[in-house]
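**Student:** Sharing a structure, written as C-alpha cells. Questions coming.
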Amino acid sequence: MRLMQGWNRFLRSKRATGPIRSCGDRMRAGLRGGEDGQAALELALVLPAFMFLLMGMLVFGLYFNNYLTLENAVGQGAARLQQIRTTTTDPCADTFAAVTAAAPNLTSNQIGLVLNLNGGPNVTGTSCPSQASALENMEGDPVEVTATYPCTLVVVGVNFGSTVCPMTASSTAFEY
C-alpha cells in the first residue's frame with residue numbers, strides 16, 4: 001500500500017513540474033516515440049522483390065543446368081555415332097539412346113534429334129534404319145548431331161520462355 005502511495009506522489013510531482021501539453025501535443029509525442037514496427041514494414045516492402053529475384057535465379061539456374069546437360073549429351077551421342085558408324089543398323093536410334101543415357105534428368109520424349117551426315121540432308125527422328133548404309137559409306141567424314149529440348153522459364157506465374165528458348169545443342173564428331 002505504501003508503495004502505491006509513493007508512486008502516485010511521484011507521478012503527481014512529475015505532472016506538476018512538466019510543461020502543460022495539449023491533446024495534440026500528446027498525440028504527436030506518442031507517434032514520434034515508437035519505432036517498433038519499422039523492421040516489419042521494411043520486411044513487408046522488400047520481401048516480395050527479394051523472393052521474385054530469388055525465384056528467378058533458381059529458375060534460370062535450372063535452365064542452364066538443363067542446357068549444359070543437353071550439350072554434354074549431344075557430345076556423347078556424336079562420339080557414340082562416330083564409334084559405331086560401321087556396325088549400326090539404326091544410327092538415329094543408337095544416337096538417341098546415347099543422348100538419353102547421358103541426360104537422365106531430361107525427359108527423353110521431349111528431346112528432338114537431328115543428324116547431318118557429311119553436309120547431306122538432315123535426318124530427323126529417333127529411328128532411321130535407311131541411313132545405316134549411307135553412314136557406313138561415308139566413313140571418315142564428320143557427323144553432326146543436333147538436339148532440341150523445350151525450356152520452361154516460369155517465375156511466379158510469368159512464363160519467360162514460351163518464345164525465347166527452345167534449347168538447341170549441336171556437336172560435330174570427326175573420325176580419326
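Just so it is clear, none of the values below were taken in a lab; they were calculated from the coordinates. Bear in mind the structure is a predicted one, so any value in this text is a computation, not a measurement. We place every Cβ from the backbone using ideal geometry, glycine too, and count neighbours over all the protein chains shown.
**Student:** Extending each Cα 7 Å along its Cβ direction at M138 and N72, get the distance between those two points in nm, one decimal.
**Tutor:** With each label point 7 Å from Cα toward Cβ, the separation is 2.8 nm.
**Student:** A further question on this structure: May I ask you to compute the full-extension gain from F174 to N65, defined as 0.36 nm times their residue separation minus their alpha-carbon distance, rounded to one decimal in nm?
**Tutor:** 36.6 nm
**Student:** Still on this structure: Place the peptides 68-81, 39-52 in order of packing, highest mean first, counting for every residue the other Cβ atoms within 10 Å and averaging per peptide.
**Tutor:** 68-81, 39-52
**Student:** Right, here's the next one. Given labels modelled 7 Å from the Cα in the Cβ direction, how far is it in nm from L41 to T89?
**Tutor:** Rounded to a tenth, the inter-label distance reads 7.7 nm.
**Student:** Can you give me the relative contact order of region 48-173 as a percent, contacts being Cα pairs under 8 Å and 6 or more apart?
**Tutor:** 31 percent
**Student:** What's the extension gain from S108 to A49 if we count 0.36 nm per residue and subtract their Cα-Cα distance?
**Tutor:** Using 0.36 nm per residue and subtracting the Cα-Cα distance, I get 17.7 nm.
**Student:** For region 72-78, in order, what is each residue's ³J(HN,Hα) by Karplus, 6.51 cos²θ - 1.76 cosθ + 1.60 with θ = phi - 60°, in whole Hz (x at glycine and Pro)?
**Tutor:** With the stated coefficients, region 72-78 comes to 5, 5, 5, x, 5, x, 5 Hz.
**Student:** Right, next: Take the Cα radius of gyration of region 48-173 and divide it by 2.2 N^0.38 Å, with N its residue count; two decimals is plenty.
**Tutor:** Compared with the compact-globule rule of thumb, region 48-173 sits at 1.23.
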